[in-house]
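Presented below is the structure to which this report refers.
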Amino acid sequence: MDKLVIQGGQQLNGEIRIAGAKNSALPIMAAALLTSDVVTIGNLPHLYDITTMLELLGCMGVESMVGEKLNVEINSGTIRKFNAPYELVKTMRASILVLGPMLSHYGEAQVALPGGCAIGSRPVNLHLAALKKMGADIQVESGYIHAHTRGSRLKGTHILMDVVTVTGTENVMMAATLADGQTIIENAAREPEVVDLARCLRAMGADVSGEGTGTITINGVDKLKGCEYPVMPDRIETGTYLIAAAATRGRIKVKDTWPNILDAVLSKLEETGAEINVGENWISLDMHGRRPRAVSLTTAPYPAFPTDMQAQFTALNTVAEGSGSITETVFENRFMHIHEMNRMGADLRVEGNTVIFRGVPRLKGAPVMATDLRASASLIIAGLVAEHETVVDRIYHIDRGYECIEEKLQLLGAKIRRLPS
Ligand code: UD1
C-alpha cells in the first residue's frame, strides 16, 4: 500500500485549482441510468471513486467513453443487467445511488447492501422505505437488495425523511423523475450537490423544483433525454486546502471554486484569524504568518458546518492558540483520527460525540494510519504542521477523494512525496 511521507514545518503559499466535486459527480453519473440517450458529464475529478462508478456501470453493460478534457459520455442504452455486485459496492458505498434510477427506468435492480464503514453503521433504511412507499417491492436477501416495480411505474407520493440523508434524497429524487405523478420529499438534504443533481436532472427534461430547501417536489415525466452537464467544484477539497493553509500560517488562493457554498467553513476560518477574500470563482486566505486561534464547532447537515471537514478542522485546532470543543452530530464514529493525532503530541480527548482540545505549540512527526477519506486528509494536515517526518499509511483512501493531492501540496511548497508499496 502506498504511503505519503511529509517533512512538516513549511507554510503553504501559492495558488491551486479545485477539481469537480466527487459527491456531485457520483449521483450525476448514476442519473445517466434514467435515459437511454448519451449523457456527457464535464469537469469530472480524476479519482478512484469515479473509476469505481464507471466500472460499476460498465459491469452492467453501460458504455462509457472518457474524453480528453475530464469529460465522460455515458450511454445507458446498452445496459444488459441490473446488478450492482458486492465486490464494487464494498469499495464505494455511493454505489447505492444506482438503485433509484435503475428501478425507476428499468423496473428492477439488485444492489449489494452496503455494510458499515469506518465512520459508523450508515444504514440505507430510509432509501428503501421511501422507494417502498413509491410502490416498489423490495426484499433484502443474502446481502443483496432485490427491488422490482411489478411491471408498472413507481408512484409519486409524499415522503418525509426521518433523518436528513444526502444520498437518500438523491436516490429518491432520481427515482421520482420517471414515477407516475407527484413526489414531495420533506426534510430533504439541502447540500449543494443535491442542487447540482437537480439541475442536471432538469437538463435531462425532469420536472424538479425546491432543491436547496427542505422540500423538493418532483412531477414524474414519461421519458428523460441525454444532456451535457459540468459538475460543480468540490467544496470539501476547497475547504481542505484552505484549512491546511491556515494551520501552516500560510497564504493561498484556490481557483475554479465557488465561495457561496462554503459559508460555514469560511466564517470558522475567519474566527481562527484568517483574512479571507473571495471573487466569483476563487477564495484567498492569508494568516499573515500568525498562529491560528482555537475554534469550537458542531457538525450538522448543510448549511451548517460539514461533517466532511470536521477532521481537517480538528487538525488545525491541534496547533491553535487556546482550547475548545468539536461536536460531531452526523456520524457516530468519526473520531478515529484523534488517536493518531494524539500519537503526534496533540492534546485531544473524546467525550461521547465531542472532542475537547487544547492547542499545543507544535506536533511531532510520527507514523500514522488513515482510516477513511477525510481522516486521511486531516492526518496530512497534521503532518504538515508537525516537526520532522510523518508517514501516513493506507492512503488509498485519499485517492478516492482528492485529485493529485501530493502534487497540489508540492505546488504550495509542502515537502511531501509518495512511497509506492
Ligand atoms: C453523503 C456524502 C458524505 C457525507 C455525508 C454527510 C456522498 C457520496 N457522500 O453520504 O461524504 O459525509 O453525506 O454529509 O454524497 N442515515 C440513516 N438511514 C439512511 C441513510 C442515512 O440513518 O437510510 C443516517 C446516516 O447513518 C448518518 C446520517 O443519516 O448518520 C447522514 O448520512 P447521509 O447523509 O445519508 O450520508 P451519505 O449520503 O451516505
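Could you tell me how many of the residues in the range 323-339 are open to solvent by 30 Å² or more (accessible area, probe 1.4 Å) and over 22 Å from the mean Cα position of the chain (by Cα)?
3
Does Val140 satisfy being open to solvent by 60 Å² or more (accessible area, probe 1.4 Å) and part of a strand (DSSP E or B)?
yes
Which residue is farthest from Ala188 (Cα to Cα), if the candidates are limited to the range 261-300 and must be within 16 Å of the ligand (Cβ to nearest atom) and buried (at least 20 other Cβ atoms within 10 Å of the Cβ)?
Here the residue is Leu297.
Does at least one position in the range 339-350 carry a residue that is under 30 Å from Ala188 (Cα atoms) and touching a residue at least 12 places away in the same chain (Cβ under 8 Å)?
No; the residues of the range 339-350 include none that is under 30 Å from Ala188 (Cα atoms) and touching a residue at least 12 places away in the same chain (Cβ under 8 Å).
Given the structure, is Ala129 away from the ligand (no atom under 11 Å from the Cβ), open to solvent by less than 60 Å² (accessible area, probe 1.4 Å) and of a type in the set (Gly, Ala, Ser)? Working first, answer last.
On the way: away from the ligand (no atom under 11 Å from the Cβ): no; open to solvent by less than 60 Å² (accessible area, probe 1.4 Å): yes; of a type in the set (Gly, Ala, Ser): yes.
Spelling it out, it is not the case that Ala129 is away from the ligand (no atom under 11 Å from the Cβ), open to solvent by less than 60 Å² (accessible area, probe 1.4 Å) and of a type in the set (Gly, Ala, Ser).
Just for the range 301-314: of the residues that are among the polar types (S, T, N, Q) and closer than 30 Å to Thr213 by Cβ, which one is surrounded by the most Cβ atoms within 10 Å (Cβ to Cβ)?
Once the filter is applied, the top-ranked residue is Gln312.
Against the condition in contact with a strand residue (DSSP E or B) (Cβ under 9 Å, 6 or more places away or on another chain) and more than 12 Å from Thr35 (Cα to Cα), how does Thr217 come out, does it pass?
Against the criterion (in contact with a strand residue (DSSP E or B) (Cβ under 9 Å, 6 or more places away or on another chain) and more than 12 Å from Thr35 (Cα to Cα)), Thr217 qualifies.
In the range 162-245, which strands (runs of 3 or more DSSP E) lie fully inside it and hold 3 or more residues that are open to solvent by 10 Å² or more (accessible area, probe 1.4 Å) and over 23 Å from Asn43 (Cα atoms)?
Answer list for the range 162-245: 182-186, 215-219.
Checking the conditions here, which among Asp37, Asp2 is open to solvent by 10 Å² or more (accessible area, probe 1.4 Å), farther than 23 Å from Ile405 by Cα and among the acidic types (Asp, Glu)? Walk me through it before giving the result.
Working: Asp2 fails: farther than 23 Å from Ile405 by Cα.
Criteria check complete, one pass: Asp37.
Condition test on Val98, is it of a type in the set (A, V, I, L, M), at negative phi and without any contact (Cβ under 8 Å) to a residue 24 or more places away in the chain?
no
Sort out which residues of the range 5-34 are open to solvent by 20 Å² or more (accessible area, probe 1.4 Å) and more than 16 Å from the ligand (Cβ to nearest atom), and write them in order of number.
The initial filter retains those residues of the range 5-34 that are open to solvent by 20 Å² or more (accessible area, probe 1.4 Å), namely 7, 9-11, 13-15, 17, 23.
Within the range 5-34, Gln7, Gly9, Gln10, Gln11, Asn13, Gly14, Glu15, Arg17 qualify.
The values are calculated or read from the model by the stated rules, or taken from the named source; none is laboratory data. Keep in mind that what you see is a predicted model, and the values were worked out from it rather than measured. Cβ coordinates were reconstructed from backbone atoms using ideal geometry, including for glycine residues, and neighbour counts include every protein chain displayed. Protein only, heavy atoms only, side chains kept; ligands, DNA and RNA dropped before computing areas. Shrake-Rupley method; radii C 1.70, N 1.55, O 1.52, S 1.80 Å.
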